[in-house]
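Q: One structure, pasted below without further comment.
The values are calculated or read from the model by the stated rules, or taken from the named source; none is laboratory data. Not measured: the values here are computed from a predicted model. So basically every Cβ, Gly included, is an ideal-geometry build from the backbone, and we count neighbours across all protein chains shown.
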């Protein structure tokens with residue numbers, strides 16, 4: 001007769017009357033298998049990116065260990081296939097291989113054990129569709145003592161508020177936490193009455209100046225006195241009060257001979273055209289007025305741009321050879337121009 005084997009651990013069951021005089025050998029192997037299944041710790045050496053964790057009938061094999069200590073030098077994430085796929089298995093796994101290990105038994109779910117982690121996993125032995133599940137993923141524990149290390153990637157709910165003395169806030173609400181910690185509320189509030197002892201200057205982007213001195217603060221804010229802003233002087237002119245000037249005030253004269261006058265540069269111009277052209281004003285500014293000394297000694301023909309307004313004879317007058325004094329007023333769209341007669 002032929003021996004059979006247990007479904008999950010491959011322990012040999014000799015048929016009745018078989019192995020006369022030799023059954024002791026089979027029994028010894030079976031006892032070793034039972035010992036390995038009950039509490040055996042097995043080093044599993046991984047190489048490459050795949051490994052087969054085999055349970056062989058009637059012979060000691062890796063798949064029979066209760067505790068799997070993963071080692072070796074895998075070249076990347078290693079996929080460990082539990083074989084055969086019709087055996088129920090439960091393993092305590094510690095991964096010390098330097099790479100993540102993915103346990104699979106069939107087309108069902110897999111479990112990944114990151115390097116340095118330990119997990120309890122079980123395989124359902126469902127054949128081609130077998131799945132591996134993480135037994136430790138949803139453990140219900142009434143008390144857990146953690147000494148050293150850290151807790152990451154978890155959400156903790158339903159617990160008593162962690163006291164401030166233990167690193168918590170002692171509260172379940174943001175307001176309560178701030179009160180317990182003596183902290184100010186975010187946003188607009190009256191809790192903060194002063195700041196002191198800061199070791200890092202508050203950046204401009206965070207509402208500060210990024211500096212510890214007034215001069216550096218002005219530099220960071222683009223307010224350098226004499227460069228970005230005018231230095232204070234009691235005699236400086238202002239625009240919102242009547243004033244009497246005790247010294248002469250004059251504008252600069254810009255020489256521009258192409259008859260195209262940029263009002264953003266100055267308000268007084270001197271123009272000596274060298275050929276025909278069109279009297280044009282650019283960057284119109286409402287309320288700006290000024291003067292133009294036009295030296296058209298060459299008698300060049302001068303026309304008016306559409307936004308340059310004058311009397312019907314203005315273009316003809318200033319096209320006649322001579323020197324003229326033109327005055328203008330700009331309303332933000334057009335420049336209105338008058339001229340003197342030709343100077344003798």
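Q: For segment 295-315, enumerate the residues that are over 15 Å from residue 260 (Cβ atoms) and in a loop (DSSP other than H, G, I, E, B).
A: 297, 298, 299, 301, 310, 311, 312, 313
Q: Looking at 318, 292, can you tell me which residue is surrounded by 13 or more Cβ atoms within 10 Å (Cβ to Cβ) and assigned to a helix (DSSP H, G or I)?
A: It is 318.
Q: Looking at 132, 144, 67, which is the one that is within 15 Å of residue 51 (Cβ to Cβ) and either without any contact (Cβ under 8 Å) to a residue 60 or more places away in the chain or surrounded by 14 or more Cβ atoms within 10 Å (Cβ to Cβ) (or both)?
A: Unique residue meeting the criteria: 132.
Q: Listed residues 304, 293, 259, 263; which is in contact with a strand residue (DSSP E or B) (Cβ under 9 Å, 6 or more places away or on another chain), in contact (Cβ under 8 Å) with a residue 60 or more places away in the chain and farther than 30 Å from residue 218 by Cβ?
A: Exactly one residue qualifies, and that residue is 263.
Q: In the list 78, 85, which residue meets the criterion of being under 30 Å from residue 58 (Cα atoms) and assigned to a strand (DSSP E or B)?
A: None of the other options fit; the residue is 78.
Q: Of everything in segment 266-287, what is free of Cβ contacts under 8 Å to residues at least 40 places away in the same chain and more than 53 Å from the chain's Cα centre (by Cα)? Give them in sequence order.
A: Matches in segment 266-287: 269, 270, 271, 272, 273, 274, 275, 276, 277, 278.
Q: Also, I was wondering about something else. At pLDDT 80 or above and over 30 Å from residue 248 (Cα atoms): does that describe residue 206? Write out each step before concluding.
A: Values: at pLDDT 80 or above: yes; over 30 Å from residue 248 (Cα atoms): yes.
Criteria met by residue 206.
Q: Could you tell me whether residue 236 is more than 22 Å from residue 340 (Cα to Cα) and exposed (fewer than 10 other Cβ atoms within 10 Å of the Cβ)? Can you show your working first?
A: Working: more than 22 Å from residue 340 (Cα to Cα): yes; exposed (fewer than 10 other Cβ atoms within 10 Å of the Cβ): yes.
Yes.
Q: Which of the residues spanning segment 155-175 are part of a loop (DSSP other than H, G, I, E, B) and either in contact with a helix residue (DSSP H, G or I) (Cβ under 7 Å, 6 or more places away or on another chain) or assigned by TED's automatic domain parsing to the domain that holds residue 137 (or both)?
A: Within segment 155-175, 169, 170, 171 meet the criteria.
Q: Out of (1) out of contact with any strand residue (DSSP E or B) (no Cβ under 7 Å at 6 or more places or on another chain); (2) surrounded by 14 or more Cβ atoms within 10 Å (Cβ to Cβ), what's the single condition that is false for residue 91?
A: Tallying (1) out of contact with any strand residue (DSSP E or B) (no Cβ under 7 Å at 6 or more places or on another chain); (2) surrounded by 14 or more Cβ atoms within 10 Å (Cβ to Cβ), residue 91 fails exactly one: (1).
Q: Could you grab me the full set of residues in segment 241-256 that are within 22 Å of residue 290 (Cα to Cα) and within 52 Å of the chain's Cα centre (by Cα)?
A: Scanning segment 241-256 gives 251, 252, 254, 256.
Q: Another question about this same structure. If I filter segment 323-333 for residues that are outside any strand (DSSP E or B), in the same structural domain as residue 257 (by TED's automatic domain parsing) and surrounded by 15 or more Cβ atoms within 10 Å (Cβ to Cβ), do I get at least one hit?
A: Taking every residue of segment 323-333 in turn, none turns out to be outside any strand (DSSP E or B), in the same structural domain as residue 257 (by TED's automatic domain parsing) and surrounded by 15 or more Cβ atoms within 10 Å (Cβ to Cβ).
Q: Can I ask one more? Mind checking which residues of segment 95-115 are closer than 12 Å to residue 74 by Cα and buried (at least 20 other Cβ atoms within 10 Å of the Cβ)?
A: Correct list: 95, 97, 101.
Q: Give the residue, chosen from 57, 18, 35, 86, that is under 26 Å from residue 2 (Cα atoms), in contact with a strand residue (DSSP E or B) (Cβ under 9 Å, 6 or more places away or on another chain) and surrounded by fewer than 19 Cβ atoms within 10 Å (Cβ to Cβ).
A: After ruling out the rest, the residue left standing is 57.
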